[in-house]
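Heads up: the structure comes next, in structure tokens.
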Amino acid sequence: MTSSILPAVFILVFLSGATAQLSKNFYSKSCPGVFDAVKPVLQSAISKEKRIGASLIRLFFHDCFVQGCDGSILLDDTGNFIGEKTARPNNNSVRGFSVIDRIKSRVEKVCPGVVSCADILTIAARDSTVILGGPSWRVKLGRRDSRTANITAANSDLPPGSANLTTLVRSFRSKGLSTKDMVALSGSHTLGQARCVTFRARIYNQTNIDPPLASNSGNNNLAPLDVQTPNVFDNNYFKNLIDQKGLLNSDQVLFNGGSTDSLVRKYVRNPKAFDSDFAKAMIKMGNIALLTGSQGEIRKNCRRVN
């Protein structure tokens, strides 16, 4: 009888480890100082360059949409491994890797081998939002890092700036995110800048655009995604859409006579509703296709597998 029970117990323990859920208190005993280690590095980086906060929020999004929130986007190419950094949506576009490196180094000094790069990226996205004036939320932690990346999925799963509303809704739905989640998360474009290559077709070929915005068209120029307050997390992004000042096509389609117009108007009228929905959507996005328990690993260096 004993011999038949032991394997069952072993299997139960193994499976519970592999399918462990995220927790708001995951590091309360193993690394209680993790938040205190992350925040000063972010504050220093953002004080030197406000744009880096937007870049870290975007980095989190680009990680989660490709095989889940597993830190795969942080992996460098090697002689026998191609990561996601050179995928079309990421190449010469995603940034903030050196900030994550500095955070990881500081966290490793506090509690070595405990906190995943995927969790660090999650905390960095939340803290960047708060530092730039946005809402806070209690991040759920316990993710583990992948040992692989997927450049093919990075090329196919990340919606481009030229996407129409149907494409956006379908893309977010495929990741378990609702239309409301999509609109709220798009509100992160209240921060940051975009290269002209991502909006050239819109400013030259579309009519639902404010004329002065269309004149900002230098070939390699950067333009703010929010022309009013590009370094402050607020609801001006949605006000811009009503004024036809959405920089990317994927921005302006949210207010263009379609099904999401009412949500845009709601977030203009009620910035607290936007803050609340954004925080909920970020938590939800942070749950996409997780590695937990005994899956994956805790990378010592976020740029390479152990």
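Determine if the stretch 168-190 includes at least one residue that is under 25 Å from residue 129 (Cα atoms) and modelled with pLDDT under 90.
Within the stretch 168-190, none of the residues are under 25 Å from residue 129 (Cα atoms) and modelled with pLDDT under 90.
I'd like the residue in the stretch 158-177 that is touching a residue at least 60 places away in the same chain (Cβ under 8 Å) and open to solvent by 50 Å² or more (accessible area, probe 1.4 Å) and, out of all such residues, is nearest to residue 61 (Cα to Cα).
160
For the stretch 232-255, give me each residue that is assigned to a loop (DSSP other than H, G, I, E, B) and surrounded by fewer than 18 Cβ atoms within 10 Å (Cβ to Cβ). Even if it seems obvious, please write down each step before you answer.
First, the residues of the stretch 232-255 that are assigned to a loop (DSSP other than H, G, I, E, B): 232-235, 243-248.
Across the stretch 232-255, the qualifying residues are 232, 243, 244.
Just give me the residues in the stretch 1-31 being within 17 Å of residue 118 (Cα to Cα) and either within 24 Å of the chain's Cα centre (by Cα) or modelled with pLDDT under 95 (or both), in sequence order.
Listed by number, the residues that qualify are 18, 19, 20, 21, 22, 23, 24, 25, 26, 27, 31.
Please find, within the stretch 143-157, the residue that is nearest to residue 114 (Cα to Cα) out of those that are under 17 Å from the mean Cα position of the chain (by Cα) and surrounded by fewer than 17 Cβ atoms within 10 Å (Cβ to Cβ).
Across the stretch 143-157, the extreme among qualifying residues is 153.
Here is a yes/no grid of residues against (1) open to solvent by less than 20 Å² (accessible area, probe 1.4 Å); (2) touching a Leu at 6+ places or on another chain (Cβ under 9 Å); (3) closer than 21 Å to residue 233 by Cα:
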position	(1), (2), (3)
53	yes, yes, yes
56	yes, yes, yes
79	no, no, no
91	no, no, no
107	yes, no, no
112	no, no, no
123	yes, yes, yes
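Kindly establish whether residue 304 is touching a Cys at 6+ places or on another chain (Cβ under 9 Å) and either more than 29 Å from residue 138 (Cβ to Cβ) or buried (at least 22 other Cβ atoms within 10 Å of the Cβ) (or both).
In short, no.
Restricting to the stretch 59-77, what's the tally of residues that are within 18 Å of residue 163 (Cα to Cα) and open to solvent by 20 Å² or more (accessible area, probe 1.4 Å)?
Total satisfying the criteria: 1.
Any idea which of (1) open to solvent by less than 10 Å² (accessible area, probe 1.4 Å); (2) closer than 22 Å to residue 144 by Cβ; (3) part of a loop (DSSP other than H, G, I, E, B) is the one residue 87 doesn't satisfy?
If we test residue 87 against (1) open to solvent by less than 10 Å² (accessible area, probe 1.4 Å); (2) closer than 22 Å to residue 144 by Cβ; (3) part of a loop (DSSP other than H, G, I, E, B), just (2) comes out false.
Can you find, within the stretch 66-99, the residue that is modelled with the highest pLDDT among those that are over 12 Å from the mean Cα position of the chain (by Cα) and β-branched (Val, Ile, Thr)?
This residue is 99.
The values are calculated or read from the model by the stated rules, or taken from the named source; none is laboratory data. All figures in this text were calculated on a predicted structure; none of them were measured in a lab. Every residue, glycine as well, gets a Cβ built from its backbone with ideal geometry; the counts of neighbours run over all protein chains shown. With ligands, DNA and RNA removed, areas are computed over all heavy atoms of the protein, side chains included. Shrake-Rupley method; radii C 1.70, N 1.55, O 1.52, S 1.80 Å.
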